[in-house]
Amino acid sequence: MIKKINGTWLEFHHLGIPEGKYFNPIIHDFSEQQWRAKVQEIAELKMKYIVIMETANFDDDKYHECYFNSKHYEKSREIKCEDPIGVILDECEKCNIKVFMSVGFYSNWWKTFDNMTHESAFNRAFLAMDELHQLYGHYKSFYGWYYPDESEISYYMDEEFITYCNRYTKKVKSLDPKYKTLIAPYGTCKLCADDHYVEQLKRLDVDFVAYQDEVGVKKTTEDKTAAFYASLKKAHDKANKSRLWADVEVFTFEGDVYKSALLPANIERLKKQLEAVSPYVDEILIFEYQGMFNKPGTIAFCGHPDSIKFYNDYKSLINNKKD
């Protein structure tokens, strides 16, 4: 049985500039109506979750931008929509979609260790989290928080990563204990899901772990991922704490990995990816709907023209699947 995709990341500015070739300039200019249309597209595919990738972009202490009306940080001048986060939360509330709010990036996004360990990054992020909670905490769609700083799991999690996650969760619960927490680490194809990893999971204070399947970035192939998630399921069942989700990569690259534009994958590959993880995970999220899928005739088109075919192919897949 194939589980359908139940959630996606969404972003206002893709930080990997070559990768965002076909959609970055367009989403910067999205109007309120276009953001609402994009959420409606996602809802039409019966997805339940949207994960906001980032609420700010700090390159260094001299340059930063955020994507909400902050008293502390300069708002992005590139983003046309006055309040994209508020628009998404409002439309998600109407569409019965749950939103995870990002806690990043309040230090250089590509310096993961700094983001996880430097007090300056924590202080800036915690200040923003207070603001985001004050601005948007009244939305019923505001379901939880996403920790976007990715530390590679090379056999095991870095202890600094566990400390980072647990520190943010303590902050999240101080805002409101109802909020859920999500991470999406990479290194899935290297991970050693033995008793030591189970012990780490027991100390990791997050609700959902959506492991990247790493097919899009070509670290593995769709025929190998089932074994990774089978091992992860055993580990998560033993730890009996965080729920096991998948972050399925629905993209490929136009040229070199990380150095060229993101393009939609093909439906045959996606079907195999979904088949591989479905028996083991509670939910499947994707990176990402935006730019990789477009409903025909949408007023919020962004991405490569092949994204329309990918949308139609996926819709046919889920309409024809047998539960």
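The values are calculated or read from the model by the stated rules, or taken from the named source; none is laboratory data. Since we're looking at a predicted model, the values are computed, not measured. Note that each Cβ is placed from the backbone with ideal geometry, even for glycine, and that neighbours are counted across all protein chains shown. Heads up: the accessible areas ignore ligands, DNA and RNA and are worked out on the full protein's heavy atoms, side chains in. Shrake-Rupley method; radii C 1.70, N 1.55, O 1.52, S 1.80 Å.
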Could you please find all residues in segment 116-139 being in contact with a strand residue (DSSP E or B) (Cβ under 9 Å, 6 or more places away or on another chain) and either aliphatic (A, V, I, L, M) or closer than 18 Å to L182 by Cα (or both)?
A121, A125, A128, M129, L132, H133
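Residues to consider are F23, F30, F68; find the one that is modelled with pLDDT of 95 or more and touching a helix residue (DSSP H, G or I) at 6+ places or on another chain (Cβ under 6 Å). Please lay out each step first, then the result.
On the way: F23 fails: touching a helix residue (DSSP H, G or I) at 6+ places or on another chain (Cβ under 6 Å); F30 fails: touching a helix residue (DSSP H, G or I) at 6+ places or on another chain (Cβ under 6 Å).
Going through F23, F30, F68 in turn, just one is modelled with pLDDT of 95 or more and touching a helix residue (DSSP H, G or I) at 6+ places or on another chain (Cβ under 6 Å): F68.
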Taking into account only those residues within segment 178-214 that are out of contact with any Lys or Arg (no Cβ under 7 Å at 6 or more places or on another chain) and among the β-branched types (V, I, T), which is surrounded by the most Cβ atoms within 10 Å (Cβ to Cβ)?
I183
Among (1) within 29 Å of A37 (Cα to Cα); (2) under 21 Å from the mean Cα position of the chain (by Cα); (3) modelled with pLDDT under 95, the one test that N115 misses:
(1)
H304 vs (1) surrounded by fewer than 17 Cβ atoms within 10 Å (Cβ to Cβ); (2) under 19 Å from N24 (Cβ atoms); (3) not aliphatic (A, V, I, L, M): all pass except (1)
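Determine, yes or no, whether G291 is among the small types (G, A, S) and open to solvent by 30 Å² or more (accessible area, probe 1.4 Å). Can you show your working first?
Values: among the small types (G, A, S): yes; open to solvent by 30 Å² or more (accessible area, probe 1.4 Å): no.
In short, no.
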Taking M101 and the conditions (1) out of contact with any Lys or Arg (no Cβ under 9 Å at 6 or more places or on another chain); (2) more than 22 Å from K38 (Cα to Cα), which numbered condition does it fall short on, given that it satisfies the others?
(2)
How about segment 138-182: which of its residues are of a type in the set (S, T, Y), in contact with a helix residue (DSSP H, G or I) (Cβ under 7 Å, 6 or more places away or on another chain) and either on the phi > 0 side of the Ramachandran plot or in a loop (DSSP other than H, G, I, E, B) (or both)?
Y139, S141, Y147, S151, Y179
Some residue of segment 192-199 being in contact with a helix residue (DSSP H, G or I) (Cβ under 9 Å, 6 or more places away or on another chain), touching a residue at least 40 places away in the same chain (Cβ under 8 Å), of a type in the set (G, A, S) and more than 24 Å from S107 (Cα to Cα):
yes
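Return the total of residues in segment 101-115 being of a type in the set (F, W, Y) and within 21 Å of Y179 (Cα to Cα).
To start, the set of residues in segment 101-115 that are of a type in the set (F, W, Y) comprises 105-106, 109-110, 113.
The next check asks that each one be within 21 Å of Y179 (Cα to Cα); those that pass are 105-106.
Selection size over segment 101-115: 2.
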From the list D205, D223, exactly one residue is under 28 Å from C92 (Cβ atoms), touching a helix residue (DSSP H, G or I) at 6+ places or on another chain (Cβ under 8 Å) and of a type in the set (D, E, K, R). Which is it?
D205
Unmet requirement for F228, which otherwise passes all of (1) closer than 19 Å to K4 by Cα; (2) in contact with a Phe, Trp or Tyr (Cβ under 9 Å, 6 or more places away or on another chain); (3) open to solvent by 30 Å² or more (accessible area, probe 1.4 Å):
(1)
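In segment 1-60, what residues are among the small types (G, A, S) and closer than 18 Å to P296 by Cβ? Lay out the reasoning, then the answer.
Step one: of segment 1-60, the residues among the small types (G, A, S) are 7, 16, 20, 31, 37, 43, 56.
Once the filter is applied, which keeps residues that are among the small types (G, A, S) and closer than 18 Å to P296 by Cβ, segment 1-60 yields A37, A43.
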Hits in segment 289-308 - residues which are within 16 Å of L262 (Cβ to Cβ) and in contact (Cβ under 8 Å) with a residue 24 or more places away in the chain
Y289, Q290, G291, M292, F293, N294, F301, C302, G303, H304, D306, S307
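Somewhere in segment 127-136, is a residue touching a His at 6+ places or on another chain (Cβ under 6 Å), assigned to a helix (DSSP H, G or I) and surrounded by fewer than 23 Cβ atoms within 10 Å (Cβ to Cβ)? Write out each step before concluding.
Initially, segment 127-136 is screened for residues touching a His at 6+ places or on another chain (Cβ under 6 Å), giving 127.
Restricting the remaining residues to those that are assigned to a helix (DSSP H, G or I) gives 127.
Next cut, surrounded by fewer than 23 Cβ atoms within 10 Å (Cβ to Cβ) only: 127.
Within segment 127-136, one or more residues are touching a His at 6+ places or on another chain (Cβ under 6 Å), assigned to a helix (DSSP H, G or I) and surrounded by fewer than 23 Cβ atoms within 10 Å (Cβ to Cβ).
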